[in-house]
Amino acid sequence: MTERLTEERVDAEGGEARSAGAGNGSTPGAAGDVGPVVARRGGPLLSAHGAEAIAAMPMQRVNAPQPLFRGFGTALREVFAYRELLGQLTRKELKVKYKDSVLGFLWTLVRPLLQLLVYSVAIGIFLGSGRVIPQFGIYLFTGLVAWTLFTDILGGCTGAVVGNAGLVKKVYFPRELLPLSVVGAAVVNFALQLVVLIGAYVVTGNWPHLGDLLLVPLAMLVIVVFATALGLILAASNVYLRDVQYLVEVGLLLWFWMTPIVYDWTKVRTTLVVNNGLTGLFQLYLANPMADVVLAFQRALWPGGHTAKGAAFFYDGNLYGRLGIILVVCVGLLYVAQRLFARSAGNFAQEL
Amino acid sequence: MSSPVIRVVDVNKSFSLNKQKSLKERAVNLGRERKHRDSFTALRNVSFDVEAATTLGLIGHNGSGKSTLLKMIGGILTPDTGYVERRGRLAALLEVGAGFHGDLTGRENVFLNASILGLTRKQTEYYFDDIVAFADIGDRFIDTQVKFYSSGMYVRLAFAVAVHVDPEILLVDEVLAVGDEPFQRKCMERIKQFQREGRTIVLVTHGLDTVRQLCDRAILLDHGDMVVDGSSLEAVRTFREKYTEEPVHDDDYGGRQATITDVTVTNGAGNPADRFQPGDTLGVEFDVVPGEGPTIDDWAVGIALEDHLDNVVYGTNTHLQGVTLPPLSDKRRVRFRFPDLPMLEGQYYVTVAVHDTGGGITYHRLDRRSNFRVFSDGSEVGVLYLSTKIDVT
């Protein structure tokens, strides 16, 4: 409401300013001449900031304590109200990262491409998976793309509040914007890597099966919601305990190998279910949201899965159902995470 | 009709002093945790309302809690108990260039910082030329990364963004004193324009003159307690009363061929005094005692009156005044008299010296040895007392 009024006022003013500028033909606000600036702005703003206008605005409690399980909606509205700042912060994240480097944005692609090369050689050739799994390079890449999105968000969020201490201590804005801007930047990088994937399709001439493409947005949504939820909790806890950022590094390494990215999930099934009868443990393995997400990416984007040879490595369970359930759980987790984050956000400025 | 824009209700805040950020530190200090858990009260039972279009100054010495209070109004800190309410949009200038990033260009930083301060992109685009003109950094630099800016340019650009915000409430923390003199004037002009536009301003500053000039009202904080909530004159006066620096007694130097002792500030009647009103007579007197060596023929006595910022308000010496002094064979009493004291309210310090007439050799000099205060009635601001006559025809 307030914002709307302001914009209209600026428009009205803009018209006035332009006509004034055209009249005397001088550059508006040349060095040192405060006079015209004052004269031009004085009029319209005066009325808008008068006592009556302010008295009409509602009195609001600053940082009103919210009950632990309510206030999610308020927070959402607030983030929405600050969406321009969110856009600016996201843009900053993207711009600052590779500023002053010649290749710039291309560096975003270097890490996954290098991982791809290393794993293709080490696992695909030396360990022989490449002879078994068709189009092993793309198989790896589909998993790595999903995993990179997840780690970018998680790693970035963990340092988001601590890294912006200067801002947090001096300016008020919904603190959620800091982790969210990391999410925004990570999604942009993800999109860029998908372009590389499309390039790979063009080069190999093998295109994925259209039927499962809907799994991609669903799986991506799961990653974003899940990683954002964890990211909010990590960002807040890192303020109080700096060990969190190191724990995240170690944890992500462990998590990477718990997810069927560089190996195929059938090996896990063989080991756990066929050889040892540990069905429960296997189900636990599949309950890892990232495992389902990666399986979904492989099913949707890895053309090799639809060949006779690749069919064995292709997860044919009900991924839509699984991802749907995981998404619901993750939304719940996001809700809890936001409440926890909001709880501690009031003290960020003094803890940093 | 009059309704508060900011309402601070019974706010308390304390900070814990032991900050342990890592598991190791916590583990090491586990047993001693209790003992080390000192807390520091930054604000105690602070309550006040601010009406619309008021300019409120928060004053107090370092650590009195004024910045904490400002941050609470701004929503950056949360009170332990009590609450803060406010209406309308708020912009906080707590640090110039808080959101600036060295790797971004001036243009990018303007947009980022403006949106941090609550401007929409559209508004920023509209104000953009004005911001660049206000900062006076030139079109050539606006697309350069700000890390290559001179510190003056950096600060000017940051401040230019800040003064173009469009809030109902503006919080300002000690950021007015940036840039060169013309720029400071521009900033001050801008603040006054905000006042004319009926915005509410809360200002934290150590510049008591700024408070006197800008604020309708001031709150004096002392170790978290609200001591005065009243006119800026009253608050500034109480602050000066309470925290007058003791004149520095051990800062003297010179060859000690002669020594100054017993510096006294007196009133018109010649009695010791330290409070004056404009128009009173101020006297400063002291003894000059010759040293061990031969009798000094070539000597002069100088005096300087300085304000609280070490600016020399007035200075002269006997040589410049054409006073011939007899040889310094014995102890002499020197009396300076300044009738019709032409100064407005403030804290002033007296520096005295005895030296040769050329001014090249200092025999003895006492910096800020004594002090006095001038109280004026608040009908005037500034430093100079003029016997004003107003004639309206």
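A short reminder: the numbers here are calculations on the coordinates, not readings from a lab. Being a predicted model, the structure only gives us computed values, none of them experimental. Neighbour counts are summed over all protein chains in view; Cβ atoms, including those assigned to glycine, are modelled from backbone coordinates with ideal geometry.
Quick look at the values:
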item	result
A:L113, A:L144, B:L58 arranged by Cβ crowding within 10 Å, fewest neighbours leading	A:L113, A:L144, B:L58
When the convex hull of its Cα atoms is projected in every direction, mean area for the stretch B:191-320 (nm²)	12.2
Intensity falloff of the protein assembly as shown expressed as log10 I(q)/I(0), Debye formula with alpha-carbon point scatterers, at q = 0.10 Å⁻¹	-1.10
Cut-off under 5 Å, modelled amide H: who pairs with B:W299 long-range	B:T357
Percent of alpha-carbon pairs separated by more than 15 Å within the stretch A:252-308	52
Violating pairs (Cα-Cα greater than 22 angstrom) within the set A:K92/B:K122; A:K169/B:K13; A:K95/B:K71; B:K13/B:K66; A:K170/B:K242; A:K169/B:K66	A:K95/B:K71; A:K170/B:K242
Global size of chain B as Cα Rg and Dmax, reported in angstrom	26.6, 81
Phi to ³J(HN,Hα) by Karplus 6.51 cos²θ - 1.76 cosθ + 1.60 over the stretch B:78-95, Hz, x for Gly, Pro	10, x, 5, 9, x, 8, 10, 10, 7, 10, x, 7, 10, 10, 10, 9, 8, 8
Residue order, fewest to most beta carbons within 10 Å, for A:K99, A:K309	A:K309, A:K99
Relative packing of B:136-144, B:316-324, which averages over residues the other C-beta atoms within 10 Å, highest first	B:136-144, B:316-324
Sorted peptide list for A:71-81, A:232-242, criterion being average Cβ within 10 angstrom, highest first	A:232-242, A:71-81
Viscosity 1.306 mPa s, 10 °C: Kirkwood-radius Stokes-Einstein D of the stretch A:141-194 over Cα pairs, µm²/s	134
Inter-chain shielding of B:211-221 (mean C-beta neighbours from other protein chains, 10 Å cut-off)	0
For the stretch B:122-252, average projected area of the Cα convex hull in nm²	11.7
Long-range amide H partners of B:S3 with built H, under 5 Å	B:A52
Amide H contacts of B:T144 (H built 1.01 Å from N, under 5 Å, at least 5 apart or other chain)	B:G106, B:R107
Semi-axis lengths, Å, the stretch B:93-189, gyration tensor of Cα atoms, sqrt of 5 times eigenvalues	18, 16, 12
Helix axis angle, B:106-116 relative to chain B longest principal axis, alpha carbon, degrees	80
Two-site FRET efficiency, B:F40 against A:V202, from Cβ-Cβ distance with R₀ of 60 Å, rounded to 0.05	0.40
Inter-label distance, nm, simple model (7 Å from Cα along the C-beta direction), A:W107/B:R275	6.6
Largest-first ellipsoid semi-axes for the stretch B:252-374, taking √(5λ) over the Cα gyration tensor eigenvalues, angstrom	26, 14, 13
Karplus-derived 3J(HN,Hα), 6.51/-1.76/1.60, for each residue of the stretch A:110-123, Hz, glycine and proline x	5, 4, x, 5, 5, 4, 4, 4, 4, 5, 4, 6, 5, 8
10 Å Cβ neighbours from other chains, averaged over peptide A:90-99	3
For A:82-89, mean number of other protein chain Cβ atoms within 10 Å	5
Projected-area mean, the stretch A:197-342, by convex hull of Cα positions, square nanometres	10.6
³J(HN,Hα), Karplus 6.51/-1.76/1.60, whole Hz, each residue of the stretch B:119-135, x for Gly, Pro	7, 7, 4, 4, 4, 4, 4, 5, 7, 3, 4, 5, 4, 5, 5, 5, 6
Calculated SAXS-style log₁₀ I(q)/I(0) at q = 0.08, 0.13, 0.17 Å⁻¹ - the stretch A:72-351, Debye, Cα scatterers	-0.36, -0.92, -1.40
Burial order of peptide ranges B:59-66, A:323-330, A:147-154 (average beta-carbon count within 10 Å, highest first)	A:147-154, B:59-66, A:323-330
